[in-house]
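Beneath this line is the structure, given in structure tokens, with notes to follow.
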Amino acid sequence: MTKKHASETNETENSADPIKVIYQGECLSISGRSKLSFAIGRIADDKTLHLAITSNSGSGMWCEDWASASAIQDVVLSEGELTAKSFHELHPGKSINTGGFVLAALKELGLIRANENNTRLHEHVPTTTFEKVAMVRISGASTEPVPNTKRRKAKGEAD
């Protein structure tokens, strides 16, 4: 099982990696307790996109492996209600934190959003794909509004 802290790097893995980083972003974890960095990469040969969580300001462990855009898209489209657990299949047998970190990165990119009725659940933003949101970030020219990511209070929850 490969679990890494934000301070660890493995240059041998990175130098042999055929995926070239084409975008780097940051977001808060879903809990808001740590700041995450993520990367979007592309394989030169077939132009496929991938996502990796690259750092975590907290002490939690995670997997730095790449997940393909097609595998991410399959998860997003196969489940109506998305949670951190939905993304565990992208890195089976690896740190369970990774699923939640991927969820946070996808929310930041605009592929998914919090469900209006239950903010603990997330849903696919209609008409978006991983490729579309990645290209918007890479080009830096978003024509769509940024989704509202503020947490809504549950019934009976105090201010």
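Summary of computed values
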quantity: Mean Cβ neighbour count within 10 Å, used as a protection proxy, ranking 73-79, 104-110, 41-47 highest first; calculated: 104-110, 73-79, 41-47
quantity: Region 25-67 - Kirkwood radius from inverse mean 1/r over Cα pairs (Å); calculated: 11.3
quantity: Among 50-63, 83-96, 116-129, the order from most to least packed when residues are scored by Cβ within 10 Å on average; calculated: 50-63, 83-96, 116-129
quantity: Convex hull volume per residue for region 11-139, taking Cα atoms only, in Å³; calculated: 109
quantity: Label-to-label distance, nm, for residues given as Ser59 and Ile138 (7 Å Cα→Cβ offset); calculated: 3.9
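Quick note: the coordinates plus some simple rules give every number you see, no bench work behind them. Please read all numbers here as calculations on a predicted model, not as lab measurements. Note that we place each Cβ from the backbone using ideal geometry, even for glycine, and neighbour counts take in every protein chain shown.
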